[in-house]
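A short write-up of the structure that comes next.
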Amino acid sequence: MQLLVSIVVPSFNQGIFLEQTLLSIINQAYSNIEIIVVDNCSTDSTSMILEKYKHNISHLIVEPDEGQASAINKGFRVASGDYLTWLNSDDFYYSSSAISSIINVFDDQSISMVYGDVLMYSSGSSALLLKGSDFSTTQHINYLSVPIPQQGCIIRRDIFNSGTCLDLSLHYLLDRDFFLRIALTQKVHYLPIVIGIFRQHSSSKSSNHFSKWSREYYYLYSHYCKSGIIPVSCHGSLMCSVYAQQFLLYLRSFALILAFKSIFLSLYQCKPFHLFRFFWFKLFCKRPSTVSF
């Protein structure tokens, strides 16, 4: 018998995309799936789409929430599945075999999270492969690398039951934080196939508000240093990477010279970036202040 997979769909005024999202779940070859929609009182066509597919939706929660993290946590709490994930209401699965491909990996009982690749799709342009990779703590500390695309990830229910939930104080890095806390403490597995489609559009959070992203980077990693999630010996290196990432985000936010931005992106991925971070930290960076969550 197939184990149950619970898929939470957090929704807010994405009616134009919601039907494709739901159909990509409904049409999965893996049949034992429950769909949980948590809608933040949308005022667009969302209600009509939800009415159309009400017989495919196991749980529908329509009420104000405190943001995306709050909606996902609500969905996880009512979920009955042995495996949990969420799919944003403007994203969708790449193929009908997406879920079954991941669930097969969970035959290894020691694995807590499985993730694959994602295609980033933007109307009018070619799809870009957001390729995952095996998680490395060293790579993360040096480059803030989290090669875990959200649309391609499923976790065991035990992870959520043990108290690992999404942080309500985060609105832009909620998935990064959630996956990091799992990857740093549990066995995770990368599956090198395309699982999901991440839709980039003008109203998506990923397209705007880079200054807010930057602030969350700082708060998140300051918290990691304070709480002991990251070893003390790595604090300096980690925060250097954070400050350099902040610079990159502001550079992108203000759309400064594209050629310089390309050079910086190239630097950011290569070994000499260690030297760059060292001088950046010495010249411009203060020690992180204490942040309470």
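The values are calculated or read from the model by the stated rules, or taken from the named source; none is laboratory data. Just so it is clear, the structure is predicted and the values come from calculations on it, not from any experiment. Quick reminder, even Gly has a Cβ in these numbers, built from the backbone with ideal geometry, and neighbours come from all protein chains shown.
The residues listed here are 47, 31; of these, the one that is surrounded by fewer than 19 Cβ atoms within 10 Å (Cβ to Cβ) and either modelled with pLDDT under 95 or at positive phi (or both) is 31.
If I filter the stretch 63-82 for residues that are touching a His at 6+ places or on another chain (Cβ under 6 Å) and modelled with pLDDT of 95 or more, do I get at least one hit? Looking for residues that are touching a His at 6+ places or on another chain (Cβ under 6 Å) and modelled with pLDDT of 95 or more, one finds at least one in the stretch 63-82, hence yes. Within the option set 167, 117, 134, 107, being within 19 Å of residue 73 (Cβ to Cβ) and not polar (S, T, N, Q) holds for one residue only, 167. Checking the structure you have, find out if any residue of the stretch 206-216 is crowded, with 16+ Cβ neighbours inside 10 Å, in a helix (DSSP H, G or I), of a type outside the set (A, V, I, L, M, F, W, C) and not assigned by TED's automatic domain parsing to the domain that holds residue 118. Yes: the stretch 206-216 contains one or more residues that are crowded, with 16+ Cβ neighbours inside 10 Å, in a helix (DSSP H, G or I), of a type outside the set (A, V, I, L, M, F, W, C) and not assigned by TED's automatic domain parsing to the domain that holds residue 118. Evaluating residue 37 against the criteria (1) within 21 Å of residue 169 (Cα to Cα); (2) part of a strand (DSSP E or B) leaves one unmet condition, (1). Kindly indicate whether residue 138 is loosely packed, with under 13 Cβ neighbours inside 10 Å and either among the small types (Gly, Ala, Ser) or modelled with pLDDT under 95 (or both). Here the answer is yes, as residue 138 does meet what is asked.
Determine which member of the set 24, 89, 42, 100 is in contact with a Gly (Cβ under 9 Å, 6 or more places away or on another chain), assigned by TED's automatic domain parsing to the domain that holds residue 158 and assigned to a helix (DSSP H, G or I).
On the way: 89 fails: assigned to a helix (DSSP H, G or I); 42 fails: assigned to a helix (DSSP H, G or I); 100 fails: in contact with a Gly (Cβ under 9 Å, 6 or more places away or on another chain).
Result of the check over 24, 89, 42, 100: 24.
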